[in-house]
1. Considering region 108-149 alone, what residues qualify as being free of Cβ contacts under 8 Å to residues at least 60 places away in the same chain, aliphatic (A, V, I, L, M) and open to solvent by 10 Å² or more (accessible area, probe 1.4 Å)?
2. Quick check: anything in region 163-176 among the hydroxyl-bearing types (Ser, Thr, Tyr) and open to solvent by less than 10 Å² (accessible area, probe 1.4 Å)?
3. So PHE79 fits all but one of (1) at pLDDT 90 or above; (2) open to solvent by less than 50 Å² (accessible area, probe 1.4 Å); what number is the exception?
4. Under the condition of being among the charged types (D, E, K, R) and in contact (Cβ under 8 Å) with a residue 40 or more places away in the chain, which residue from region 342-386 is farthest from VAL311 (Cα to Cα)?
5. Please work out if SER68 is farther than 22 Å from SER289 by Cβ and either over 18 Å from the mean Cα position of the chain (by Cα) or among the β-branched types (Val, Ile, Thr) (or both).
6. Answer yes or no as to whether SER282 is among the hydroxyl-bearing types (Ser, Thr, Tyr), open to solvent by 20 Å² or more (accessible area, probe 1.4 Å) and touching a helix residue (DSSP H, G or I) at 6+ places or on another chain (Cβ under 8 Å).
7. Between TYR321, TYR339, TYR275, which is open to solvent by 30 Å² or more (accessible area, probe 1.4 Å), under 11 Å from MET368 (Cα atoms) and touching a residue at least 40 places away in the same chain (Cβ under 8 Å)?
8. When you look at LEU86, is it at pLDDT 85 or above and closer than 24 Å to PRO188 by Cα, yes or no?
Amino acid sequence: MSRFINRGVARQLAVAFTAGGSCFIIGALMGWPAPTLKKLRAADTPIRLSVLEESWVVNALYLTTMVSPFMCGALMNSFGRKITLLGLTVFPTLSWILVFFSRSGAMLIAARFLAGFWVGGCSTVVPIYVAEIAEPAVRGIVGTFAVVSTMLGIISAYVIGPCVSVYTMAAVNVVTPVLFFALFSLCPESPYFFVMRDQHVAAAAALTWLRARDSVTSELAAIQGSVERDAQTRQGCFRKLFSLVSVSANRKAFVTVEFLMVLQRMSGFSCLMAYSSVILPSKVGPFTSDNCTLIMGIVWLGSALICSVLVDRVGRKPLLYFSSIGIFVSMLPTSLWYYLDRETSTDVSGANWVPLTGVLIFGLTFTMGLGAIPSIYQGEMFSSSLKGIGSALTVGVCAGSSALSVSVFAVLVKFVGLYAPFLLFAAVGPATFLFVYYFVMETKGKSLQAIQDELRGEELDR
């Protein structure tokens with residue numbers, strides 16, 4: 001029996017890792033402006049950008065990221081999670097092709113608009129898909145694969161970007177959507193989607209393959225019961241939106257996920273990812289700002305890997321507590337250093353390692369908790385009938401918070417000083433700690449049905 005269980009877990013891990021590969025593409029799309037903007041400011045650049053165009057190159061992606069989830073939420077409930085993801089690959093492919101042929105800022109901005117459809121779509125569908133194909137014992141681990149893949153994609157941009165032209169970078173990256181399409185085509189559709197479409201034979205076949213055992217009757221019955229119990233809310237978009245705020249269980253799930261996403265983005269992650277190479281000191285010991293950006297990406301990746309090991313052992317909430325403390329401890333001295341350096345006559349050049357150290361500690365603690373776990377909750381907390389609209393709203397809130405964070409960062413830097421946004425980031429730490437303590441439930445080791453029962457206040461089956 002254990003042989004079959006182990007084989008089933010291996011299949012679930014392989015499928016989730018393949019689905020998470022879509023986030024490698026997200027990481028590359030989100031990360032390439034950091035090393036590229038410096039090159040586009042050089043005298044011999046083939047594309048000259050104005051300050052306004054630079055800001056649009058960064059933010060254009062977030063605008064379509066806010067729009068695409070609503071389209072994708074409907075598509076994944078109509079055509080399936082798998083077909084939706086496969087169809088979305090046209091957007092990153094076209095985006096990289098447009099970057100390759102770009103000769104103006106407008107073309108780069110258009111490429112970023114196209115990229116946002118992929119970022120928003122994947123961020124909507126992937127957490128739902130991996131949560132639905134995985135059993136409770138490994139759902140936390142597979143939920144972190146998306147973050148790990150995103151960090152790998154960001155690092156690839158940080159490694160390739162400084163070494164090659166923007167056109168070569170585009171030519172290298174256009175291969176990844178094609179490779180993802182080929183690999184993910186081999187993966188099964190979610191059993192939940194088949195049950196929602198009354199395709200019970202197909203659901204049983206998918207679940208049997210994923211669990212690598214002949215009998216999946218009890219789990220399939222639990223899925224059917226959960227879907228049937230939620231069926232009354234499948235009455236159209238406006239009824240679903242009303243259900244999210246009017247039904248206590250749905251409201252608690254929605255508030256938990258949305259607030260965690262807002263806190264995640266307002267902690268400074270989006271700003272550091274986009275502007276790290278231009279806000280860190282130009283030289284820290286032997287390291288240039290590009291070197292520091294790469295080191296930061298490697299730390300993020302290592303932290304995401306640690307999270308994947310710990311999340312199903314220690315739980316979601318302890319990692320969120322650790323993350324919130326780390327954000328405060330790292331960002332407060334960083335803010336103080338920038339205040340002394342930019343706003344006073346104090347010479348702190350001998351301690352120019354402080355910002356890099358702060359950013360590295362932030363990356364280590366952020367990615368281990370607040371960076372990874374909100375996406376896990378996104379896949380776990382919504383009932384089956386509300387997953388599409390709930391996940392779409394979550395990604396929209398996430399993208400909007402990212403755009404707001406980047407905009408607030410720019411405004412504070414211009415009118416107050418570079419220390420001010422880091423002070424704001426530090427304040428997110430205690431805010432996250434309090435929110436998690438009072439409002440967030442632990443989901444470690446619980447089935448999706450048990451989570452819904454707990455949200456409804458029903459007694460869990462042990």
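The values are calculated or read from the model by the stated rules, or taken from the named source; none is laboratory data. Computed from a predicted structure; not experimentally measured. Heads up, the Cβs are rebuilt from the backbone with ideal geometry, glycines too, and the neighbour counts pull from every protein chain shown. The protein model used for the area step is the full one, side chains on, heavy atoms only, and it has no ligands, DNA or RNA in it. Shrake-Rupley method; radii C 1.70, N 1.55, O 1.52, S 1.80 Å.
1. ILE109, ALA110, LEU114
2. So far as region 163-176 goes, no, none of its residues is among the hydroxyl-bearing types (Ser, Thr, Tyr) and open to solvent by less than 10 Å² (accessible area, probe 1.4 Å).
3. (2)
4. Out of the qualifying residues, it is GLU343.
5. no
6. yes
7. Exactly one of TYR321, TYR339, TYR275 is open to solvent by 30 Å² or more (accessible area, probe 1.4 Å), under 11 Å from MET368 (Cα atoms) and touching a residue at least 40 places away in the same chain (Cβ under 8 Å), namely TYR321.
8. Yes.
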